[in-house]
Amino acid sequence: MTNKKDSGKKKTGANENTPGQGQLPIAAGNKTAQNKLPGAVTRDASGVMRIFPTVCYMQSHQGTEKMNAELERFILEQEKTSQNISKASIRGGYHSDRKFFDEKNWAVQELKKLITAEALKYLKALWANESTAPLASIPNFKMQLGGWSVILREGDVSVPHLHPRANISGVYYVTSYKPDPKAFKGAGCLVMADPRIRVSMYPVHDQVSTLIVTPNAGTVVMFPSFLEHYVLPFKGPGTRISIAFNLAYSANAINQGN
Ligand SMILES: [Fe+2]
């Protein structure tokens, strides 16, 4: 049933499914149990609202063994011949410069295509979560991709950080992590932290405040660049190899008024 009071507020040009800023969703009869609010804010039929959700992405790719083997060979060679960037988040290990995707190596270029295709899928969901404007309304929208390789070994770590001057950040795993049975849970894993930092002021029992992702070769993970993340100390005799990357939207997609 349509709420007459709410109907009276529909003077902003917003349609039934996208009320203007500050409006509550309009119950649209039985057409849908979930009415859309600005961005991805939702209220279901029982009245439960989800405000400011964080949209992330994870996808595993089969058939990447050959590409991963070449990436592993290339990056281990790169470690010997190229500069280790010391100002990044990792402590120990190796961090290449941020021009990884400029390398002419076939596997690097194949990975670049894979990440670009995945990023376009993620972008649709992320953009819809962050903006009330259709992505198609941004003229000549583009994204700039930058990436770097990372090698971690026994005891190496990536401290908590985020990625300034970017919109989408992510990682692709070249190698899988085989946990050392004697290591603590989550060793060598990526941890993504709840961005609602104030939730920790009065946590409930078993509060879920982190998501732990175990590195698996062929898996790509993406998240908004503001999301704090880190890698717990790597334990064991193996080598953890990944490609981290940033995507920055073209300037016309950024609100320059602030
Ligand atoms: Fe990072």
Requested in this report: May I ask you to list the aspartates and glutamates whose Cα is less than 12 Å away from that of Lys235, ignoring any residue fewer than eight positions away on the same chain?
Outcome: Glu154, Asp156, Asp180
Query - Hz values of 3J(HN,Hα) by residue in the range 229-238 - Karplus curve (6.51, -1.76, 1.60), Gly and Pro given as x - result: 8, 6, 10, 5, x, 6, 10, x, x, x
Requested in this report: Two decimals is fine: what is log10 I(q)/I(0) at q = 0.09, 0.15, 0.16, 0.18 Å⁻¹ for the range 57-253, from a Debye sum with one equal scatterer on every Cα and no solvent?
Outcome: -0.35, -0.96, -1.08, -1.33
Query raised in the report: How far, in nm, would the chain grow between Arg196 and Gln144 when pulled straight, counting 0.36 nm per residue and subtracting the alpha carbon separation?
Result: 15.9 nm
Query raised in the report: With a sphere of radius 11 Å drawn around the Cβ of Leu111, what net charge do the other residues whose Cβ falls strictly inside it have (Lys, Arg +1; Asp, Glu -1)?
Result: -2
Report summary line: Given pairs Lys99/Lys142; Lys66/Lys178; Lys80/Lys104; Lys66/Lys112; Lys66/Lys113; Lys99/Lys178 and cut-off 23 Å on Cα-Cα distance, the over-length ones are Lys99/Lys178
**Report entry** the range 160-209: chymotrypsin sites (Phe, Trp or Tyr not before Pro) in DSSP coil with no more than 13 other Cβ atoms inside 10 Å
**Finding:** Phe184
Requested in this report: Could you give the spread of the C-alpha atoms of the range 168-258 along their three principal axes, from largest to smallest, in whole angstroms?
Outcome: 52, 37, 16
Query raised in the report: What GluC sites (Glu not before Pro) does the range 85-182 have in DSSP loop regions with at most 14 other beta carbons within 10 Å?
Result: none
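The numbers here are math on the coordinates, done by the rules we state, and not lab data. Because the structure is a prediction, the values reported are computed rather than measured. No Cβ is skipped: glycine too gets one built from the backbone with ideal geometry, and neighbour counts run over all protein chains shown.
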